[in-house]
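The structure appears right after this line, and notes come after that.
The values are calculated or read from the model by the stated rules, or taken from the named source; none is laboratory data. A quick note: this is a predicted structure, and the numbers were derived from the prediction, not measured. In this analysis, Cβ positions are derived from the backbone assuming ideal geometry, glycine residues included, and neighbour counts consider all displayed protein chains.
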Amino acid sequence: MMGAETDREPFMSVLVDTSTVPVADRFDYWAHAHGQVLHPLRLRRPGSGPFEGRIRAYQFGPVTLFRIEGNTSAIRRTSELIARHDPEEFQVTHLVRGQFRVEQGDRTAFIGAGDLSAYETSHPYDVQARSDFELLLYSIPRALFGDRAEALCGRTATAVPRVDAAAALAGPFLRGLADRVVTGELDLGSPGLSDCVVDMVRLVFDGNRAASDGPAEPSGEALFLRVVDYIDAHLGEPDLGPRTLAAAHFVSPRLLHKVFEARGHTVAGWIRSRRLDAVSRDLVDPALAGQPIRLLAAARGFPDPPHFTRLFRANYGLTPGEYRRDR
């Protein structure tokens, strides 16, 4: 397995790339690599089509940075897997692209591109990538947070939107650090580098307010979770939009917009993104290989083929036909 060493040598990049194995073996390879490079996890995915994923890892001092790209999938950490091995780490996620659902304890959060969230390895958690994704994962030993570790761990599985004041500072720092590590512009041996990461995480998750405050409405997070699940279940309905969603959830369109905007999203943009993600999965599903693209698009809420093609090309850089052929 390429680069999937369990010992994380200082400054050394670890690479896991599914393109190095036969197509039929790629997801099994991906699942096995997670257990070696991260910690014991259980992985699953919808369907059985081709899978693509890549993991790079860089270590500086006690902190490990993972840059992970993959297709729609989910990971679960159970009590049984924790008993097998627990590195006792606090893991901070900065989502570059895609949409995630994170659950730990009694908390659930949806995060989109640019948002921050976290989970910790000593308690069960579930993370669902609801679309193709790219993720920065900073893995930090809990001991580095001293007597504040428990407080930080009580704020896992909360969404810190990119519009949040602390995230607006920490997000670009974490993204810029990762970019410069990859290009070699930063000396990973710099003694203060890991300290800077720990300080930024404290800023976001150990401030004077809870990281999950979000919108002013107390029910904002619960409403957001209900609405995004409803959207996924009704993507094929052509009239799906802010007014129909507001009516289905007995709230005003103004409140609905406010809840999404507090997380750096728009209602229409979220619906469009989820529809495109669904069509992209359908295009590479072997069970749907004989279905015309226009029918797949229409079933996901895109009745106008030229309009759909323009949106798809703008999002993926390929026409739907090219995307299907290349995968």
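Observations
- Some residue of segment 83-105 being aliphatic (A, V, I, L, M), free of Cβ contacts under 8 Å to residues at least 12 places away in the same chain and not in a strand (DSSP E or B): yes
- Conditions (1) under 26 Å from residue 183 (Cα atoms); (2) at pLDDT 90 or above; (3) surrounded by fewer than 17 Cβ atoms within 10 Å (Cβ to Cβ): number failed by residue 95: (3)
- Among the residues of segment 246-272, the ones that are in contact with a Pro (Cβ under 8 Å, 6 or more places away or on another chain) and over 20 Å from residue 113 (Cα atoms) come to 2 in all.
- Taken as a whole, segment 139-161 holds at least one residue that is more than 26 Å from residue 220 (Cβ to Cβ) and within 17 Å of the chain's Cα centre (by Cα).
- Scanning segment 29-45 for residues that are hydrophobic (A, V, I, L, M, F, W, C) and assigned to a loop (DSSP other than H, G, I, E, B) yields 38, 41.
- Failed item, numbered, when residue 27 is tested on (1) aromatic (Phe, Trp, Tyr); (2) modelled with pLDDT of 95 or more; (3) farther than 26 Å from residue 142 by Cα: (2)
- Residue that is modelled with the highest pLDDT, among those in segment 143-186 that are basic (Lys, Arg) and surrounded by fewer than 18 Cβ atoms within 10 Å (Cβ to Cβ): 175
- Residues in segment 241-273 that are among the β-branched types (Val, Ile, Thr) and not in a helix (DSSP H, G or I) were compared, and the one that is modelled with the highest pLDDT is 266.
- Test: residue in segment 45-63 that is surrounded by 15 or more Cβ atoms within 10 Å (Cβ to Cβ), at pLDDT below 95 and touching a His at 6+ places or on another chain (Cβ under 7 Å): no
- Qualifying residue in segment 107-119 (condition: out of contact with any strand residue (DSSP E or B) (no Cβ under 6 Å at 6 or more places or on another chain) and under 21 Å from residue 80 (Cα atoms)): yes
- Scanning segment 43-82 for residues that are free of Cβ contacts under 8 Å to residues at least 60 places away in the same chain and among the hydrophobic types (A, V, I, L, M, F, W, C), we see that the one that is farthest from residue 101 (Cα to Cα) is 57.
- Checking each residue in segment 244-273 for being in contact with a Leu (Cβ under 9 Å, 6 or more places away or on another chain) and more than 17 Å from residue 109 (Cβ to Cβ) picks out 245, 246, 249, 251, 253, 255, 256, 267, 271, 272.
- For the condition within 20 Å of residue 89 (Cα to Cα) and β-branched (Val, Ile, Thr), residue 163 does not qualify.
- Only one entry of 298, 289 meets the criterion of being over 26 Å from the mean Cα position of the chain (by Cα), more than 30 Å from residue 259 (Cα to Cα) and surrounded by fewer than 18 Cβ atoms within 10 Å (Cβ to Cβ), and that entry is 289.
- As a summary of the residue check, residue 76 satisfies the conditions (1) surrounded by 16 or more Cβ atoms within 10 Å (Cβ to Cβ); (2) in contact with a Leu (Cβ under 9 Å, 6 or more places away or on another chain) except for the one numbered (1).
- Some residue of segment 228-240 being crowded, with 16+ Cβ neighbours inside 10 Å, touching a His at 6+ places or on another chain (Cβ under 8 Å), part of a helix (DSSP H, G or I) and on the phi < 0 side of the Ramachandran plot: no
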